[in-house]
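J.: Structure in structure tokens, see below.
Please treat every number below as a calculation from the coordinates, not as lab data. Values in this document were obtained by computation on a predicted structure and should not be read as measured data. Backbone-built Cβ (ideal geometry, glycine too); neighbour counts: all protein chains shown.
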Amino acid sequence: MKKYLQLITCIFFFVNLSFGQTPSILNVLNRASQSLNGPWHYIVDPYENGYYNYRYEPFDQQKNTSKAAYFMNAKPENKSELLEYDFDKSDVLEVPGDWNTQDEKLFFYEGTVWYKRSFDFDPKVRDGRVFLYFGAVNYHADIYLNGKKLGTHTGGFTPFNFEITDIVKSQDNFLVVKVDNKREKEGVPTLNTDWWNYGGITRDVLLVETPATFISDYMVQYDPEKKNVLSGYVQLEGDNKTNAGIKINMPELDLSGSITANRDGLAKMDFKVKDFIPWSPGQPKLYDVILIAGQDTLKDRIGFRSIDTDGSKILLNGNPIFLKGICIHEERPGGGRIRTKAEARELLQLAEELGCNYVRLAHYPHNEHMIRLADEMGIMVWAEIPVYWTIDWENPNTYQNAEGQLTAMIRRDKNRASVIIWSMANETPVSPARQSFLTRLAAKARQMDPTRLISAALEQSIDEGDPNTKTIDDPFAEVVDVISFNQYIGWYDGLPQKCRNIKWNITQDKPVVISEYGAGAKYGFHADSLTRWSEEYQAYLYQESLEMLDKIPQLSGMSPWILMDFRSPRRPLPGIQDYWNRKGLVSEKGQKKMAFYILQDYYQNH
């Protein structure tokens, strides 16, 4: 059994941050805040005229900033002054949201778009601090408030924030965000993916208020090595953090305790509680947790459970469990990024109807709404970062980018009982550089959070030259807790009946979770079971795949690819794909295909 909760002092304050930003504020949904969601004016800027002068020198690095810089949000002072932009006369985009599905002209656009929002601010916390919080911006963001650059952030799926206490005004603030979603070889993900590169401010924008000294981080977890003990820590930030007292209340568990922060503002906790109901899919029990530090009171709802492995079994609360899952992209029906809690719930309810107790959130950290809903609904989660296909393994900046995204994901979601697996990568080719890269990521994840399992979606290979015997010959399989791999026998490798001839020789004594399998089908296209793209072909492949996979002795779960059809530029076949990946069990319009019911029946009887 793994060692649980080896807490590292202040670990979350030594994270990879982009320029100017502070460690992300946790639990923003339960803090005093003002939403900046809604219509924002925008300017499309493919040549980045608003950022560089004609000598290609950045405006924000010049001593005297020109009014031509878009982030100045300037207006002509007289009828003769030349300015070639005006946000207030420009069109608007809804935030959160992507630009691709809001403006037909931007459907395939990759490049720079400037956003501007004006606002007033009426603080709710007296003598407090104010942070500008972004749930996510894809991919590179430069942030300016009232003409002053706050900083930058790189990475399209993780939260970030900047302190603006001394900059924000009560009236007439203007916030300008330069968003650039161009793909990069050195990026995470890299140039080549199989999902739509939705650009824009894709998640909530909030003004978050805190007291001068506030709770910046916390973790509360069940420690199965100590009966009925909750362990964890609270981290304070501010001038009065040293030796500060912190109260912890859990009313339903009759827990009311106190801890004291050290000189760095860190206070560890270790409380014995009466018997509690462990979180599980059948009973997703959450407890109110109230943390009080001086003027700061922070509430959360947290479930307590253990997740571990024993040989080829996955143990939830000490009992073997089979992961009945499906993969999900963060894309709403009809296309476009998930924007609201209601849209996230719609996808998870489809997974519930399918019979799932588990979802793989591919291929990047999803909206926080998705994780919190999974907590409430009792759905276990595989969470991963977009280390996808062929990353620039030997580039140190690429590694720091990946580690920064991993750190931000774990920091945000470590108190969510639903998350049971941190995934390091998807379908990455074996090489010494890749092995070093992923092994370092896994070590980082275990250092930050030793309470969860580590995995990655690997690829299967041929065993000793026999094309009908498959194995996992990947050195990273020795690092992970759960052997997971993608296989597409019957779609990219032969026809569905080939599954009958396949044997599996998986030598690792670890649980096996099939992270992907599937086939494409266009809803409503019917033919015989060997006609590509027909619902019958997809259903036939599911039948054959399930019979084949059931023969793997270590099989502990699966997450077929994928719940719903999603957009992808890699899928142009006219009349069938039309830039949709058709491997969904449900069409982009919410229509269930035949294979949906095949998998549903399997889960109901497994």
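J.: What number, rounded to the nearest 500 deg cm²/dmol, is the helix-based mean residue ellipticity at 222 nm of the chain, given -39500 (n - 2.57) per DSSP H run of at least four residues and division by all its residues?
T.: On the way: 6 runs with 85 residues, N = 606.
Counting only the DSSP helices, I get -4500 deg cm²/dmol.
J.: On each of the three principal axes of the Cα atoms of the stretch 232-363, give max minus min coordinate, whole Å, ordered largest first.
T.: So the three principal-axis extents are 50, 39, 28 Å.
J.: At what distance in angstrom do the alpha carbon centres of the stretch 381-460 and the stretch 33-76 lie from each other?
T.: Cα centres, the stretch 381-460 to the stretch 33-76: 35 Å.
J.: Same structure, new question: If you take every DSSP beta bridge whose two residues both sit in the chain, what share of them, in percent to the nearest 5, is antiparallel? Before the final figure, lay out the partial values.
T.: Values: 90 of 124 bridges.
Taking every DSSP beta bridge with both residues in the chain, the antiparallel ones total about 75 percent.
J.: Something else: For the chain, what does the relative contact order come out to in percent, with C-alpha contacts under 8 Å and a separation of six or more? Numbers along the way, then the final one.
T.: Details: 1434 pairs, mean separation 73.9, N = 606.
Averaging sequence separation for qualifying contacts and normalising by length gives 12 percent for the chain.
J.: What Kirkwood hydrodynamic radius, in Å, does the chain give when the mean of 1/r is taken over all pairs of distinct Cα atoms and then inverted? Display every interim value, and only then the final one.
T.: On the way: mean 1/r = 0.0393 Å⁻¹.
Roughly 25.5 Å, rounded to one decimal.
J.: Also: Could you let me know the centre-to-centre spacing of the stretch 79-93 and the stretch 545-580, using Cα atoms, in angstrom?
T.: Taking the Cα centre of the stretch 545-580 as reference, the centre of the stretch 79-93 is 47 Å away.
J.: Right, another one. Within 10 Å, count the other beta carbons around each residue, average over each peptide in 393-404, 76-87, 134-145, and list them highest first.
T.: Final packing ranking: 134-145, 393-404, 76-87.
J.: Could you tell me whether the stretch 21-138 comes out rounded, prolate or oblate from its Cα gyration tensor? Rule is a ≥ b ≥ c as square roots of the eigenvalues, rounded for a/c under 1.5, then prolate if a/b exceeds b/c, otherwise oblate. Can you show the working numbers first?
T.: Numbers: a/c = 1.83, a/b = 1.40, b/c = 1.30.
It comes out prolate by the Cα gyration axes.
J.: Go through the stretch 464-564 and name the chymotrypsin sites (Phe, Trp or Tyr not before Pro) that are in a DSSP coil and have 13 or fewer other Cβ atoms within 10 Å of their Cβ. Could you put the intermediate results ahead of the total?
T.: On the way: sites: PHE476, PHE485, TYR488, TRP491, TYR492, TRP504, TYR517, TYR523, PHE525, TRP533, TYR537, TYR540, TYR542, TRP561; in loops: TYR488, TRP491, TYR492, TYR517, TYR523, PHE525, TRP561.
Those satisfying the criteria are TYR492.
J.: Next up: In this model, which of LYS185/LYS313; LYS272/LYS324; LYS241/LYS299; LYS285/LYS470 are farther than 29 Å apart at the alpha-carbon?
T.: Violating the 29 Å limit, Cα to Cα: LYS185/LYS313; LYS272/LYS324; LYS285/LYS470.
J.: Applying a 10 Å radius around every beta-carbon, put 570-577, 295-302, 405-412 in order of their mean neighbour count, most first.
T.: Highest mean packing first, the order is 405-412, 295-302, 570-577.
J.: Could you check how many percent of all C-alpha pairs in the stretch 332-380 are farther apart than 16 Å?
T.: Working: 388 of 1176 pairs.
Roughly 33 percent, once rounded to a whole number.
J.: Based only on Cα atoms, what mean projected area does the convex hull of the stretch 342-459 have, in nm²?
T.: 7.3
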